[in-house]
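Worksheet: one structure, shown below.
Rule-based calculations on the coordinates, nothing more; no lab input. Quick caveat, the model's predicted, so the values are computed rather than measured. When we count neighbours, we look across all protein chains shown, and the Cβ atoms used for this are built from the backbone with ideal geometry, even at glycine.
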Amino acid sequence: MKARIPARLAAGVAAMLFNIPLLDPAWAADTAKPQKVLPLPGEVFEVAGRTAFAILPSSENIRTNRPVPWVWYAPTLPKLPAVEETWMFKQFLAAGIAVAGVDVGESYGSPQGREGFSAFHRELTERRGFSRKPVLLPRSRGGLQLYNWAIEHPDCVAGIAGIYPVGNLRSWPGLDKACGAYGLTAAQLGEQLAQHNPIERLAPLAQAGVPIFHIHGDADKVVPLPDNSAELARRYRALGGSMRLRVPPGQGHNMWPGFFQCAELVEFVIAHASPVAEREPTLALFREPPMEARPGAFWDWLNGNFDLPQLTRELREMKAKGMSGAEIWDIGIIRPHPDAPMPAGPAFLGPESLKAVNHAIEEADRLGLHLGLVASSSWNAGGSWIEPKDAMKGLYQSEITVSGPARISQVLPFPSTRAPKGTNGLPIYYKEIAVLAFPQATNKVISGPAAVINLSDKMMADGLLTWDVPAGEWVIARFITSNTGQGLMVPSPNSKGLMIDHLDAGAAETHFRHITDQILKTRTSFDALRYLEVDSVEVRNETDWTGAFVDEFRQRRGYDPLPYLPALKGRTFADPQITARFLHDYRMTVSDLWIDGHYRAAAKFLNAHGLQLVTEAGHGGYPRTDPLRSLGAGNISRGEFWNGRPFWVVKEAASAAHIYGQPLVDAESFTGWRSWQDGPLEYKRLADTAFCDGLNRITFHTFAHTPPAFGVPGPNYHAGEHFNVNSTWWQQSGPMLSYFSRCCYLLQQGLPVADVCFYYGDDAPNLVATRRIGPDSKRLDGDTCAHCQRPNPAPAAPLGTGYDYDVIDSEVIQNRLEFKDGRLALPHGVNYSVMVLPDRADMPLAVLEKLEKLVQAGATLLGPKPTRDVTLAGYPHRDMKIQAIADRLWGAGEVGKNLDRRYGKGRILSDRNRVREILQQQGFGPDFSYASPGKPVDLDYIHRRTLDSDIYFVSNTQMEEAEAYCVFRVAARPAQLWFADTGEIQAVPDAAPVAGGVRLKLRLPPAGSVFVVFGGNAKPTLPAATTPVLADLPAPLEIAGAWEVRFPPHLGAPESRVFDQLVSWTTIPDDGIKYFSGTATYLKDFEADASFLAHGGRLELDLGRLRNVAEVSLNGKELGIAWKPPYRYDVTGVVRPGKNKLAVKITNLWANRLAGDALLPPEKRITRITQKVPVGGPLESGLFGPVQLIRSANH
């Protein structure tokens, strides 16, 4: 529901529109109102006899249909806020966030001051249209004031961002000085500190989940760090709260600009005062996107090697080209190159490694970049510090066969394991689980759990079992848990260690605490380090276990697993349902423990310190879990998409983010084995496909750190696109990175729009099938997942094109999904028209009970009637409950495909394939559709919605121009085209209302894309899009003839060569050119007739075809970089009559030189790589043309 803005605020906005220096007429009515000097224009007014102020954003940054987000500044004193805070305030205002405060005097957080704050909050929220939940900005003594108010009103606080705030009355001003404000003696105040001292009463804030950020110098003598922010952080984290503490070394209680120009503080305030889902896109941020929209990268430090000056250079280059930063990744070499051995670097997080990590953090912080850290050397999590008790565990067994009746007394064999052994030959860590006996059967079938006898109490500690064996043949199985011996996957040579026990929250805390403690040995705070990452689960298949597994199973599943353990080792029960259901319960318990003990425990620990957890927890690798729940347990969901391989799991990460309320959808991007064979055009096509899956943040895989001693291209990971400062086209990469950033900025706005949620059942591991694999594939989300070739539990093929969807899990259905305002709605605003059930007969009872409530309230469900539960608990009685509810919903007895019935206010259909038909019955035509008047085209799309705007991304998947009439399912509103490649905005006056939405014509170049925004209020930067005017135009002028091509020195090519024709370098009978990689410059003088230039309109230089990137200057004027078709430049006014000088720089890829060097002995090679990878080549390279001047009638 859109909130209405109160009349008083509306009047204030109107005043600003007319440049009247008022915020509200009532504030101007009192000629005797208080006076106050503010650092920026604002209004001073009075609340309950106290001086207050408010500074509003400019009119274009205020939304009249929602409350105004704001920052509450304290202390408001005669000289505060100060001019030094101007920069910080400007950042808030540019983000649409107001700044306000009230003077409550030297109250030291007393009840009287709190009353003044409450009156101020009521004034702004109830009368002025401000948001109910501001971010509090306490500076110095303002900490006592705002914290004490916040603790009593935690539901009115979005976050707290403090600048050396006082949190401890004992520390400042001291009880003797503060007691008067409280109307108490010092002794009385001391006795009542639990009611008045912020650090002693933080629990309500922690319970409400209020995030906190402080910046506080370690040389502060007035408000000492240890007694205030540091102690507050310790206590808040102990209460389960999240607090990030930034400690500038050597800084005291002063006006150091770093306190008031702290980008991290500003980012924190904007993130919490103005949540992403409530923002609107702006031109300023579209052109210069914020950090969270900019690409990052896996920054692999191969074999643990690093070069400090080169680390600095690489970070500077990342900043210059528009990246957000990188993710430090200590990693080994899988396939060393015999001709370029790379030495072993220092151990990960050892003293030398920490020096480099600290250097990177320091440099990134200075540059304003963000860093992440992969949470181990290689992946997934672990290291040399992991002891066997905290390492991965499995369930192991040994068996003997005995005959009875007889009495036996013998030592049972110890199960075989890969665990680290002690001096006694036994595993350093092991635990006895059970000794079980059951009748021997040739088919390994056990009649039932009652036939399994627990002999655990009959075995001594040394394994000696004494038992009176009944008649018959019996199997005695000894079950233990011990370490799997699973080490890290590909650690750097000096960083080997065990992988952690993913099912044990204590192991997760031990691991992540070690990492954070090590980092804080070298610095006072994390600063540029913003998150840690756990990568995909790629470990051996084991019978996963942990020390507390049996107790956890009993608690979570409701019965004892011990009698059923033989089913984990190849035995079955006579009733196949017993075996199947127990195995389901086992897998779900492993999944639950993995999620709680690894992802959720890691996130909880990191969040407490203000760090985030990025989880690549989907069904890449060898997963054990429910992937949606796993991804939802972290802070940022990460999928992956590969170049030239079917490994695409972006839709899975997007679904998890959408259903769990995560604003970012990240991916390990462009992974593959096409080393140095693709450039920015290929990257764009892949990224555009991933964007349409829901991706809105790119993390390049990989950006290898390249110490200069290792040559060029230099150190390389075995899989990835090797995008870094040694890329041939790195200097031309900025426009591509800007394109990605602008796309991600718009795709992070608002909420995703989807019509259907597909429930994928209750199992582990589970999967969300890939939607498509690269731009050249068709839709692949049918019966089989193209990524892993496993059956797709939630096929979306019946939905067809033009609709989007998410996949949903049991947890979200049970705990988050409601039927509201005619939609299946989640708490953060994402909603759907219908739900489609999986084509299976089983369903958890709790899920079906919730579905019944949803249908009664009005929901529509499509899918088969369930007949049984998934669990062994309560079997078979729970099946009868399932059948009773299913009979109420679907009707009694068997139902056919044509069932369509009402239940309560809702509707049940048995045929899930009718989903498209039902949507259209409900009045929901395709969200996006198109028709091409000429040759067929293939357009992909995704749609997001803000409170004011509908944002569509439309992508031409083909390498041919696409022209289509497109219909967007929106109400008629002004339409604009937002071009992510240029940052320009253009109005579309020809957009017309039609049945089903708004129709407009799009013409996209090969692999082109555009954002179509309806309802946005950004001012266009280009003339309105109109139909081209046909006119009598001259034919294109081809710049024909010979070209001089110059090559740089030391790369194997001649200094120059004349090309009589524009052909690929690979066709030239000169190995120096055929195998050249780098930038060559084409030079050409040409004549332009004055009569050709006399025609009006736009004049373009079209380079025709080329590989891979162009950079042009004409008559000494730099025209910029062309990295995707059409390779055209606006040269209106640049071409002159007569002679013109044209220079075209063409940059290709490393593949050519690498292919040539493979034919040469090592001492004659130009290139050097450290890992053996397949490299195709030589590849078509150069300028092919035709190069033409083209006159068009209009812009």
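The alpha carbons of region 165-215 occupy a box of 34, 22, 13 Å along the principal axes, longest dimension given first.
Each of 848, 579, 522 was placed along the dipole of the chain (beta-carbon charges, centred on the mean Cα), and the one lying farthest toward the positive end is 848. Roughly what % of Cα-Cα distances in region 931-977 sit above 11 Å, to the whole percent? For region 931-977, the share of Cα pairs beyond 11 Å comes to 73 percent. With 23 Å as the limit on Cα-Cα distance, the pairs of 651/850; 935/1019; 820/850 that go past it are 651/850; 935/1019. Here the Debye sum runs over all C-alpha atoms of region 475-621 as equal scatterers in vacuum, and log10 of I(q)/I(0) at q = 0.09, 0.14, 0.19 Å⁻¹ comes out as -0.37, -0.79, -1.25.
Each semi-axis of the equivalent ellipsoid for region 212-323 is √(5λ) with λ an eigenvalue of the Cα gyration tensor; in descending order they amount to 29, 23, 16 Å. All alpha carbon pair distances within region 7-275 were sorted into 5 Å bins beginning at 0; the resulting P(r) in whole percents reads 1, 6, 14, 18, 19, 17, 12, 7, 4, 1, 0, 0. Distance check, please: which entries in 1117/1145; 90/684; 569/881 exceed 23 angstrom between their Cα atoms? 90/684; 569/881, as the Cα separations exceed 23 Å there. Its alpha carbons give region 797-836 an Rg and a Dmax of 10.9, 30 Å. Using +1 at the Cβ of each Lys and Arg and -1 at the Cβ of each Asp and Glu in region 928-1014, identify which of 971, 988, 1009 lies farthest towards the dipole's positive end. Result: 971. Computed packing ranks the peptides 399-405, 64-70 as 64-70, 399-405, most packed first, by mean other Cβ atoms within 10 Å. What fraction, in whole percent, of alpha-carbon pairs in region 781-873 exceed 23 Å separation? Tail fraction, whole percent: 29. According to the calculation over all Cα-Cα pairs in region 806-942, the P(r) per 10 Å bin from zero is 11, 38, 31, 12, 6, 1, 0 %. Relative contact order of the chain: 8 percent, from C-alpha pairs under 8 Å at least 6 residues apart in sequence. Scaled against 2.2 N^0.38 Å for its residue count N, the alpha carbon radius of gyration of region 928-1014 is 1.02.
Note on 460, 736: ascending count of other Cβ atoms within 10 Å places them as 460, 736, the fewest first. Eigen-decomposition of the gyration tensor built on the alpha-carbon atoms of region 71-124 gives equivalent ellipsoid semi-axes of 23, 14, 7 angstrom, largest listed first. In percent, rounded to a whole number, the relative contact order of region 677-799 is 21, using alpha-carbon pairs under 8 Å and six or more apart. Quick check: net charge around residue 752, other residues with Cβ under 10 Å of its Cβ, Lys/Arg +1 and Asp/Glu -1? Local net charge: 0.
In the chain, the DSSP-assigned H stretches of four residues or longer account for a calculated mean residue ellipticity at 222 nm of -7000 deg cm²/dmol, using -39500 (n - 2.57) per stretch and the full residue count as denominator. What the pair-distance distribution of region 345-487 shows, using all Cα-Cα distances binned every 5 Å from zero, is 2, 8, 14, 14, 12, 10, 8, 7, 6, 5, 5, 4, 4, 2, 1, 0 percent. Report Rg/Rh for region 641-698, rounded to two decimals, where Rg is the Cα radius of gyration and Rh the Kirkwood radius. In region 641-698, Rg relative to Rh is 1.01.
With all pairs of different C-alpha atoms in the average, the Kirkwood value for the hydrodynamic radius of the chain is 33.4 Å. Here region 1037-1192 yields Rg over Rh of 1.04, to two decimals, using C-alpha coordinates and the Kirkwood radius. Computed over region 55-178, the percent of Cα pairs more than 21 Å apart is 37.
Along its first, second and third principal axes, ordered by size, region 408-561 spans 70, 39, 27 Å in Cα coordinates.
The residue among 1068, 1099, 1082 whose Cα reaches farthest toward the positive pole of the charge dipole of region 1053-1099, with charges on the beta-carbon of Lys, Arg, Asp and Glu, is 1099.
Peptides 1151-1162, 913-924 ordered by packing proxy, namely the average of other Cβ atoms within 10 Å per residue, highest first: 1151-1162, 913-924. Charging the Cβ of each Asp and Glu at -1 and of each Lys and Arg at +1, and nothing else, the dipole of the chain about its Cα centre rounds to 1120 debye.
Here the dipole of region 979-1131 is about 680 debye; that uses its Cα centre as origin and unit charges on the Cβ of Lys and Arg (positive) and Asp and Glu (negative).
Ranked for footprinting exposure by Cβ neighbours inside 10 Å, fewest first, 911, 948, 330, 762 give 911, 948, 762, 330.
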